[in-house]
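Notes follow the structure.
The values are calculated or read from the model by the stated rules, or taken from the named source; none is laboratory data. These numbers were taken from a predicted model, which means no experiment stands behind them. Using ideal geometry, Cβ is built from the backbone for each residue, glycine included, and neighbour counts are taken over all protein chains shown. To get the accessible areas, we keep the full protein, side chains included, count just its heavy atoms, and leave off ligands, DNA and RNA. Shrake-Rupley method; radii C 1.70, N 1.55, O 1.52, S 1.80 Å.
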Amino acid sequence: MPRIKITRLTRRQLIQSGIILAGSATLPSACTAFAGTTQSSAAAADLQTWTIGNDRIRRTIAFAPGSGLYTSALADLATGAQFILPEHLRKERASEFAFACNGQSVRGTHTGFTCISVDQAAIPHGASLTARLRHNVHPLDIDVVYRVYDNQPSIRKKLVLHNTGATPLRITHLCIESLGLNIGPEDETLLNAQYGAIPREIFYTGRSEDAALLVCSSRTGLGAVILSEVPGYMKRTEIEGWDDPEQFFIQAMYDTDLMPFELSIPAGE
């Protein structure tokens, strides 16, 4: 049996060289180099894609009426590593975002959305991409906002939920980020929790003490840092990597059981 060399990384090394994903939510109101493209093919004429990034990181967002909104590619440009491989894309688990609206499940990869606009804009020291989705059942518009900053290997993301109806909407089980990442086999994947200080199993729930989870391959040293800006005890981050041989799944979300999150969005807000 070949011997595997274990590469130990410091938190500073992984943050400097890894992909960083950050999540936050704005309720109820809500790089310099930015490229936006729309692609289609005979097999998927309605598929649209947009890319946001800088010289360190690139993320491609896709939308199709039959597939909803999802991240189709995530690349570390410094190493050329591709963290999302099309052959391993599992939209039923990597749902981009999710929540319950009036007790009914809403997921980014559901078919019940219409993409009504995509806005690209420059921001101070970076760029942003905002995809506005309209739900076909609930009176609800969702802005999915991605931001990238100069010289930073990170993508920041937030959700803005708009109640377009005449009665309040009850929001629970809010998940801001939901991705499946490929960094190597599960038996070579390392997780460091509690700001990267404590090694843990790769089936793990982080809470208020875990604003930053560091995941990497012990063979290559490549990995991701998942940061959550959810306030205080509302914080919940989930890592699942034990049941898939090639990828792990991450979710940055609000708590659902210890300190359950719930918000009522009034009509028109």
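Scanning segment 76-97 for residues that are hydroxyl-bearing (Ser, Thr, Tyr) and closer than 13 Å to LEU222 by Cβ yields a single hit, THR79. Each residue in segment 79-104 was checked for being modelled with pLDDT under 95 and either out of contact with any strand residue (DSSP E or B) (no Cβ under 8 Å at 6 or more places or on another chain) or in a strand (DSSP E or B) (or both), and 7 pass. The residues of segment 37-59 that are modelled with pLDDT of 65 or more and hydroxyl-bearing (Ser, Thr, Tyr), listed by number, are THR49, THR51. Within segment 83-101, the set of residues being over 15 Å from PHE248 (Cβ atoms), out of contact with any His (no Cβ under 7 Å at 6 or more places or on another chain) and surrounded by fewer than 19 Cβ atoms within 10 Å (Cβ to Cβ) comprises PRO86, GLU87, GLU92. One residue stands out in segment 106-118 among those that are hydroxyl-bearing (Ser, Thr, Tyr) and over 18 Å from the mean Cα position of the chain (by Cα): the one that is least open to solvent (accessible area, probe 1.4 Å), namely SER117.
The C-beta contact set for segment 46-67 (first residue open to solvent by 30 Å² or more (accessible area, probe 1.4 Å), second residue β-branched (Val, Ile, Thr) and in a loop (DSSP other than H, G, I, E, B), distance under 6 angstrom, 6+ apart or interchain) comprises GLN48/THR38; GLY66/THR111. With respect to the conditions (1) under 20 Å from THR60 (Cα atoms); (2) buried (at least 20 other Cβ atoms within 10 Å of the Cβ), LEU169 falls short on a single one, namely (1). Listed by position, the strands (runs of 3 or more DSSP E) inside segment 118-192 whose residues that are small (Gly, Ala, Ser) and closer than 16 Å to ILE52 by Cα number at least 3 are 126-135. Between GLY126, GLY184, GLY165, the distinction of being at pLDDT 95 or above, out of contact with any helix residue (DSSP H, G or I) (no Cβ under 7 Å at 6 or more places or on another chain), more than 22 Å from PHE97 (Cα to Cα) and of a type in the set (Gly, Ala, Ser) belongs to GLY126 only.
The residues on offer are GLU240, GLU269, and the sole one that is surrounded by fewer than 21 Cβ atoms within 10 Å (Cβ to Cβ) and either modelled with pLDDT of 90 or more or among the hydroxyl-bearing types (Ser, Thr, Tyr) (or both) is GLU269. Residues in segment 234-243 include at least one that is over 18 Å from the mean Cα position of the chain (by Cα) and in a loop (DSSP other than H, G, I, E, B).
Applying the condition of being outside any loop (DSSP other than H, G, I, E, B) and either in contact with a Gly (Cβ under 8 Å, 6 or more places away or on another chain) or within 23 Å of ILE57 (Cα to Cα) (or both) to segment 193-221 and asking which residue is most open to solvent (accessible area, probe 1.4 Å) yields PHE203.
So that you can scan it fast, the table gives a plain yes or no per residue for (1) out of contact with any Lys or Arg (no Cβ under 7 Å at 6 or more places or on another chain); (2) open to solvent by 50 Å² or more (accessible area, probe 1.4 Å); (3) within 29 Å of LEU161 (Cα to Cα):
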| site | (1), (2), (3) |
| --- | --- |
| ASP187 | yes, yes, no |
| GLY223 | yes, no, no |
| GLU229 | yes, yes, yes |
| PHE249 | no, no, yes |
| ALA252 | yes, no, yes |
| ASP257 | yes, yes, yes |
| PHE261 | yes, no, yes |
